[in-house]
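Read the structure below first, then the notes.
The values are calculated or read from the model by the stated rules, or taken from the named source; none is laboratory data. No experiment lies behind these values; they were computed from the predicted model shown. Reconstructed Cβ throughout: ideal geometry from the backbone, glycine too, with neighbour counts over all protein chains shown. Keep in mind that these areas ignore ligands, DNA and RNA; they rest on the heavy atoms of the full protein, side chains included. Shrake-Rupley method; radii C 1.70, N 1.55, O 1.52, S 1.80 Å.
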Amino acid sequence: MQLEGLLERMKLEHLNAQLDAICEQAAKKDLDYREFLTEVLQTEWSGRHQKGVEFRLAMARFPWVKTLEQFDFTFQPSLDRKIIRELSTLAFVGRGENIIILGPPGVGKTHLAIGLGVKAIEAGHKVLFLTLESMITRLTRARLENRVERQLQQFVYPKVLIIDEMGYLPMNRDEAGLFFRLLSRRYEKASTIITSNKSFVDWGEIFNDQVLATAILDRLLHHCTTLNIKGESYRLKEKRKAGIFGPPRSQEIKPEEEPETEFE
Ligand code: ADP
Ligand code: MG
């Protein structure tokens, strides 16, 4: 059988696409058999890995993609870089631990959650991002249509589930009950990242039920890293830079200290 036929049959599509370039390079670099074989397999593996990353990124349904490398930590001194560095090793995913990111609007909660999600995807994990509101809407609709089990399963399955914007809307008792069921299923098996603009003391009123709120917090916080961001909104900083607002009263921002970063 011809080489191209073999590559096709064996579904080595990345190798197939780059075959001429690899052979040319090998001749130029005068590779021995072992080096050449490594190069060949590396090409196929990299192509497959990249395709997997792209597929998992699409499946994650991020509203936008930003990485931890794009996060400017000098702007958010209340955030401990060491903790973020430790989290980005993804040991928390292996242990099925949770992360809760608290702070006022605009301080980068969603950015950090997505950044960690991207890291998990690059490491081969399945990630799903959704707002609490859309999650509750989907669970409630599923219950009305008698398929709540299947819907819960979809939210239990990802190794990292990011639930964004907890606390903007209160839940009724049924909704809080569904949320509790989901967290119980994921407990100690898979990681959940939650962002919220409410502090833990206010979570009771989100769930409209103190007993459920306690049970939910218990599951969430048992193995959990909490990031409490106390800083200023990055969005306002951007506007301030554009001259829409004046400088903050507490600290004057010097233009030469501003980082070069791209924004939405
Ligand atoms: P939150 O979820 O806390 O309301 P976001 O994560 O949506 O805030 O951040 C608002 C915008 O500002 C996003 O475009 C985000 O990428 C950007 N941003 C926030 N904080 C930082 C930061 N420290 N460095 C770089 N970009 C930031
Ligand atoms: Mg947000």
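The table below lists the values:
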| item | result |
| --- | --- |
| Single unsatisfied condition, Gln210 versus (1) closer than 18 Å to Asn98 by Cα; (2) surrounded by fewer than 19 Cβ atoms within 10 Å (Cβ to Cβ) | (1) |
| In the range 67-83, the residues that are loosely packed, with under 15 Cβ neighbours inside 10 Å and of a type outside the set (S, T, N, Q) | Glu69, Asp72, Phe73, Pro77, Asp80, Arg81, Lys82, Ile83 |
| Exclusive hit being open to solvent by 70 Å² or more (accessible area, probe 1.4 Å), modelled with pLDDT under 95, within 16 Å of ligand 1 (Cβ to nearest atom) and touching a Pro at 6+ places or on another chain (Cβ under 9 Å), set Arg235, Arg240 | Arg235 |
| Hey, Phe207 farther than 23 Å from Leu128 by Cα and not small (Gly, Ala, Ser) or not | no |
| Within the range 118-132, tally of residues that are away from ligand 2 (no atom under 12 Å from the Cβ) and over 15 Å from Tyr157 (Cα atoms) | 4 |
| Hits in the range 35-62 (condition: touching a Phe, Trp or Tyr at 6+ places or on another chain (Cβ under 7 Å) and open to solvent by 70 Å² or more (accessible area, probe 1.4 Å)) | Arg61 |
| Subset of the range 205-237 [acidic (Asp, Glu) and within 18 Å of Pro77 (Cβ to Cβ)] | Glu232 |
| Candidate set from the range 77-122 (those that are in contact with a helix residue (DSSP H, G or I) (Cβ under 8 Å, 6 or more places away or on another chain) and farther than 27 Å from Lys189 by Cβ); member that is nearest to ligand 1 (Cβ to nearest atom) | Gly108 |
| Of residues in the range 121-137 being out of contact with any strand residue (DSSP E or B) (no Cβ under 8 Å at 6 or more places or on another chain) and in contact (Cβ under 8 Å) with a residue 12 or more places away in the chain, the one most open to solvent (accessible area, probe 1.4 Å) | Glu122 |
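Yes/no per residue for (1) surrounded by fewer than 16 Cβ atoms within 10 Å (Cβ to Cβ); (2) of a type outside the set (A, V, I, L, M):
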residue	(1), (2)
Gly94	yes, yes
Lys119	no, yes
Arg141	yes, yes
Gln151	no, yes
Phe155	no, yes
Pro158	no, yes
Leu161	no, no
Phe179	no, yes
Arg185	yes, yes
